[in-house]
Structure formats: C-alpha cells, structure tokens
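First comes the structure, then the notes that go with it.
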Amino acid sequence: MGNIVNSAEYDYAGRRKLIDSLCEKYGFIKKRVIGRSCGGRDITALKIGAGEEYCLIAAAFHGSERITSVVLLMFIEKLCGAIAEGGDIKGIRAARALNGKGVIFVPCVNPDGCEISLRGSVACGELAGTIGKMCRNDFAHWNANLRGVDINHNFNAGWQQLREREMAAGIYCPGPTRFGGFRPESEPETLALTELCRTVNIRHVTALHSQGEVIYWSYAGNTPARGKKMAEIMATSSGYSLDTPVGIAEGGGFKDWFINEFGRPGFTVELGQGKNPLPAENAGKILDRVSEMLMLCIMM
C-alpha cells in the first residue's frame, strides 16, 4: 500500500483530505482546529503522545514556502507508521522517543497564503483584484495572508523596531511579503499560535520555513542556554548551519516571540535550497535530510 502523503502539490482541500486520512488510519492522532484564517480556512493542530510538556513544530507561515507543509505531513505519516509498527526513524525508535512525551504539529499556519501562491486569483475571492495589484499578478511569490500581512512579522517581539525597519525599507502597507501589520498579533493566524502556546505547556518550538539550510536559534538577550546546545545538536544532525537574522529579518517572528514570552528555546529552520516556491518533488529529499533532526526535536 502506498503512502498517504507524497512529494506533490496540495491545495487546501487536498491537505484537509490528507489530514483526515492520517487521522482515520492512525487513531492515536488527536486533531483540533486551533483557529481560522482571514479567509475562514481551518488552522489545524495534530497531537501525538502525551506528557506534562509538548514540543511544537509548525510549518507554512509563508505562502511560497508551502513545501514545508508537505515535508511536515510526510514526517507525521512516517512517525505514525513507525509508532504503529514498533519501528524507527534514522535509528531512533519512535515509541521510545515519545515515551512520556507529546508533540503538537501545525502543518499549515497560513492556509490563505499557501492557496494564493498555488492557485492565484482563484484563491482570493472578492479580493482578487486588490491582491493582484499588490503583487502585480505575481501570485506565485505571495507570502502574506489574505489581508497582506506577513505572519512571521506579526508576533509581538521587537515588533515596533521591526516596523521602523520595514518603513525604512519602503514597506508601509499590506503587500505580498514583509509587512508586519498595523499592530502585533492583529491576525487570526498569529493568534492561533500564541493562544495555543498560552494554553498548552510548550517546552520548545520549531518553525519550518524555506529555503537556505540554516537554523536560527537566538533572540535578543533572552535565549536560554540550552537553546544554543539544542541548535548545535540540530545542526549536527541535519548538516544545516547555525545563523543569526539581521536587518528586516530580525524580530516579529514566531520563535522570537516564544523565546521572549516564555524564556524557552525556539528555532526557525530554513528547509532546502533554491528559490521559493521550491519544487514539490523536493519534499522527500528534504525530509530524508531532516527527519533525524525532527525526531531529536521531539525527544529534547
């Protein structure tokens, strides 16, 4: 029998079917809708295992980086299969890795942005004309949500300073990318994650982006010491490099907010190499490179 998730493009409806099929096959997956996008699309969380604390791995913050959602869903299927069959992933026994632990996956934080990048004006509804003007009909590279807000600039971590850097770069209003909104946590997609973290005991978070094969792990002076040690383990496992964001890439992101809010480790992992959107057929190759790292994230 073939895999449920393959290295292919999936629109919103297709992704929902994948998630439903995974939940039907593996009854131990607990599914919950943690929010809805500006366009009314579900933002779904999948929980596996149980414990006093959970690690959280989220993907597809940006529309043109939707391959990260495919990679994460492929990993979820691989993990569930290993749990069900008593198997391992890269030599790590899955059931043992989750012994007394839990993990929460959010496969697609920004379903509207992913739909716009994949399907173009059809995905924009009544805003097709407005969004078309914003991106000059280059829908493929759309990263923001339906309102033109970049979710990974909308978290309340150095948001005002980031806003000033955006304006210095000529970014004043909604657009395809890098506009952080008119206030932090203004977007339902952002709130879905912040409310999840405020109601569930999350010990660390990993945000999957593309591309560059680097790991960002620090924020301001609040990064816990074990965050660097964990990042070094992740880098050794994946072969990715450790890096520090600068300029307009600094602040406003999910891992920045989590580190700042809770004083716990947070990571941004840039999957793959190339130009976004990366070809969907690269998903399997990317997963093979990072599956051990993702297992270690669950264990640490």
In debye, nearest 20: dipole of the chain around its Cα centre with unit charges on the Cβ of K, R (+) and D, E (-)?
-> 440 debye
Got a sec to turn the phi values of the stretch 276-281 into Karplus ³J(HN,Hα) couplings, 6.51 cos²θ - 1.76 cosθ + 1.60 with θ = phi - 60°, whole Hz, x for Gly and Pro?
-> 5, x, 5, x, 4, 5
Global geometry of the stretch 20-136, whether rounded, prolate or oblate, following the gyration tensor of its Cα atoms and the 1.5 cut on a/c = prolate
So who's got an amide H within less than 5 Å of the one on residue 209, skipping anything under 5 residues away but keeping other chains? H placed 1.01 Å off N, in plane.
-> 269, 270, 271
Could you go through the stretch 152-167 in sequence order and give the Karplus-derived ³J(HN,Hα) for each residue, using 6.51 cos²θ - 1.76 cosθ + 1.60 with θ = phi - 60°, rounded to whole Hz, and x for Gly and Pro?
-> 7, 10, 9, 7, 7, 9, x, 5, 5, 5, 5, 4, 5, 5, 4, 5
Please arrange 262, 105, 182 by counting, for each residue, the other beta carbons lying within 10 Å of its beta carbon, fewest first.
-> 182, 262, 105
The ³J(HN,Hα) series, computed from each phi in the stretch 90-95 with the Karplus coefficients 6.51, -1.76 and 1.60 at θ = phi - 60°, rounded to the nearest Hz and given as x for glycine or proline, is 6, x, 9, 5, 4, 4
Average Cα contact separation per residue, the chain, under 8 Å, 6 or more apart, as relative contact order % = 23 percent
Of the listed peptides 209-216, 127-134, what is their order by residue-averaged count of other C-beta atoms within 10 Å, with the highest listed first?
-> 209-216, 127-134
Return 108, 124 ranked ascending by Cβ neighbour count within 10 Å, so the fewest neighbours appear first.
-> 124, 108
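No lab work stands behind these numbers, since they all come straight from the coordinates. Small disclaimer: the values here were computed from a predicted structure and weren't measured. Because the Cβ atoms are built from the backbone with ideal geometry, glycine has one as well, and the counts that use them run over all protein chains shown.
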